[in-house]
Structures are given as C-alpha cells and as structure tokens.
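This report refers to the structure that appears directly beneath it.
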Amino acid sequence: MEHIHTIGIPRGLMAYREGILWTEFFKQLGFSCVLSPKSDRSILEEGTARAADETCLPFKMYLGHVQRLMGKCDAVFIPREGGYTAREKMCTRYEALPDLISNIFRDEQIPLLTVSYDWYSKTTEENVYLKLAETLGKSRKEGKKAYAYAKKTQDAWYKAKEKRQLLKLESPGNKVLLAGHPYVLHDACMGGELGKMLEKMGVEVLYTDYVNRKNARKKSYDFSGVIPWLINREIIGASLLLKEKADGIVLVSAYPCGPDSLAGDLLVRRIKDLPVLSLTLDAQNGTAGMETRLESFIDIIKYQKAGGYGIKN
Ligand code: SF4
C-alpha cells in the first residue's frame, strides 16, 4: 500500500456518525483525506444511475459520493459495519458495503480500504483500527496514537452537539424532534432541507442522534427487547427520552428502508401523547411538497398547545 497518499471518504451513510474518527485517524498517520462534496441532486442522479431500482435512497446517494471521489484519491475508505454487539446490528447493506462498492465500480477498479466493525466477533474498535494501520504500513505504536487522538476528537464533537441540544431543550419556543438515521437527518439533500424549513418556521429543531447514544440504546429496551438494529434502537430510545421536552416528532425515513418501516410504525403506535408526522423521502421527489406538510404539522402543535381543537370560546 506504499502508493497510497490520499484517501477518499464518501460523505454518506456512517460518515455522519464516524467520519471525524476516520479522517483524523488517517491524518494522524500522515495521509491526506478528501471528502466528497455536500449532497446535491446531481450526486444523487449519478448514484441512482449506478444503483438497482429497489436500493434505498441513502445508498443511491452514497454511490454518487463514491463516484465523485474517482480520480481524486489513491483509495476509497469503505468500512464493513456488521454489528456492534451481538444484539445491536446494522442493516445488511452495511455488512456487504465493500463488496457492493467493488462490484458496482468494477470497471473503475478503485482500490478500497476497509475495516470490519464486527465487534460481536470478539474484537474491539481499537484493534480494528490497529489492523488498518498495519495494512497501511504503520507501526502498532503509530496506530494506537492515531486511534486515541481520532476517537477523542470524534467523542468531543458528539459531546458538544449533545451539550448544545441540552440547552435547546430549555428554550420556551416550539420544539420539534427530527427522528431518523444520521445520514438521512443531516444530508444536505434529505433531512438537512427539512431542518432548514423548520428553522425558517421559527421552530427549535432537535435531533435523535444528538442524544447520549448509550442512554438512548438502554432506553430502547423499555420499548422492545427484540429490535435488532442499532440505529433504530437509538432513534427509538432518543425519541422516548426527549418526548417530554419536544412538542412534536417528525419521523424521517428514506424509501425503501425495511428497518425504518418496522421500527417507525411501532414508534408511531406507542407515542400517543404527542403529535407525530411520518415523512418518507424518495429519490424522485426528495423533499418536494414537504414544506406544506411541515407547516400544517406546526399548526397542529400550536393548536394543541393552546388547548386543542375542541377548545370552547
Ligand atoms: S437502514 Fe435503511 S436507509 Fe439505512 S442503509 Fe439500511 S435500508 Fe438503507
């Protein structure tokens, strides 16, 4: 791997959760990193042209991001994220991610760098990264130092987000919780637009992924002992933890997502005391028409806070 100087990181999927860890790790080992640009319609179109029809929107977007890194780096980092613990796994797309990418981009033959986040197979995150450092020709000592710094930086970023959100909880205005996968909520072409629309409507926007993740996962077991997906557990747990503080929940899903369709439906049935709006984004329509639905939802929240539709004059 001596020829690798610049490593490309597609701005999609778990980059919204682990991206700082990845870039800082590579930089600490002396490599340059290039992140694909923020999502837009043209990236989605490029990804869609590469994808099978039934593929979910975030994966189509991810393919567009991989495409944008062609010719800009010596290798692309595509982690394999099977599971974190025996009970908390990722959807199957993550288990096959490096294989899917090398197959879909087989004509380009891009070198891939990968790690296996199969921690339930008795390893630790640190060991996973030490192995990656070794693959890149670095010593164990260099790998340990790079991992420690990268982990600290990623954790500090999360803590700052959590802290900011805790302050928002005290705000007297209307608060809406956006609930969904981080790569849907924060993608500029998906949830990012919804967040902006809500802010323009004068609403304080909360996010399920800016809640302490460990607490959220623990809370999710009050709801279900059998849901197998890690991120859906965090979405459910965070929604339960924040429901007293939020005035409404907008569940944001990207079509077609199996885990979301099950977990989202269960959550809607469980949360009875708060308005919940379910939005599904797809590759054709994106966020078109969503503004009107959000406006109506905010009206419902306002009416409810004023005593409900049945209030007597
Ligand atoms: S969890 Fe859903 S949105 Fe995420 S990759 Fe799997 S199918 Fe796609």
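Before moving on, here are some points about what is shown:
- Qualifying residue in segment 151-171 (condition: crowded, with 19+ Cβ neighbours inside 10 Å and among the hydrophobic types (A, V, I, L, M, F, W, C)): no
- Single match in G47, G30 (criterion: at pLDDT 95 or above, in the same structural domain as Y149 (by TED's automatic domain parsing) and away from the ligand (no atom under 15 Å from the Cβ)): G30
- Scanning segment 43-75 for residues that are in a loop (DSSP other than H, G, I, E, B) and either without any contact (Cβ under 8 Å) to a residue 60 or more places away in the chain or farther than 22 Å from D260 by Cα (or both) gives A51, A52, D53, T55, M70, G71, K72, C73, D74.
- Test result for E81, under 15 Å from the mean Cα position of the chain (by Cα) and among the acidic types (D, E): yes
- Counting only helices (runs of 4 or more DSSP H) that sit wholly inside segment 76-141, those with at least 2 residues that are assigned by TED's automatic domain parsing to the domain that holds H65, within 14 Å of the ligand (Cβ to nearest atom) and out of contact with any helix residue (DSSP H, G or I) (no Cβ under 6 Å at 6 or more places or on another chain) are 92-95, 97-104.
- K131 satisfies every condition listed in (1) buried (at least 19 other Cβ atoms within 10 Å of the Cβ); (2) within 27 Å of E88 (Cα to Cα); (3) basic (K, R) except (1).
- Flag set for L178, criterion: more than 17 Å from M14 (Cβ to Cβ), buried (at least 18 other Cβ atoms within 10 Å of the Cβ) and assigned by TED's automatic domain parsing to the domain that holds E295.
- Condition check for A283 on (1) closer than 18 Å to M201 by Cα; (2) at pLDDT below 90; (3) hydrophobic (A, V, I, L, M, F, W, C): one failure, at (1).
- Considering segment 1-18, and only residues there that are away from the ligand (no atom under 16 Å from the Cβ) and surrounded by 20 or more Cβ atoms within 10 Å (Cβ to Cβ), the residue that is farthest from H181 (Cα to Cα) turns out to be I7.
- Odd one out for V34, checked against (1) buried (at least 17 other Cβ atoms within 10 Å of the Cβ); (2) assigned to a strand (DSSP E or B): (1)
- Residues (part of a loop (DSSP other than H, G, I, E, B) and not β-branched (V, I, T)) located in segment 193-203: M201, G202
- Summed over segment 161-192, the residues that are away from the ligand (no atom under 16 Å from the Cβ) and either under 26 Å from A263 (Cα atoms) or part of a helix (DSSP H, G or I) (or both) give a count of 14.
- Residues of segment 239-262 that are within 16 Å of the ligand (Cβ to nearest atom) and under 16 Å from the mean Cα position of the chain (by Cα): L251, V252, S253, A254, Y255, P256, C257, G258, P259, D260.
The values are calculated or read from the model by the stated rules, or taken from the named source; none is laboratory data. Everything numeric here is computed off the predicted structure, so don't read it as measured data. Cβ coordinates were reconstructed from backbone atoms using ideal geometry, including for glycine residues, and neighbour counts include every protein chain displayed.
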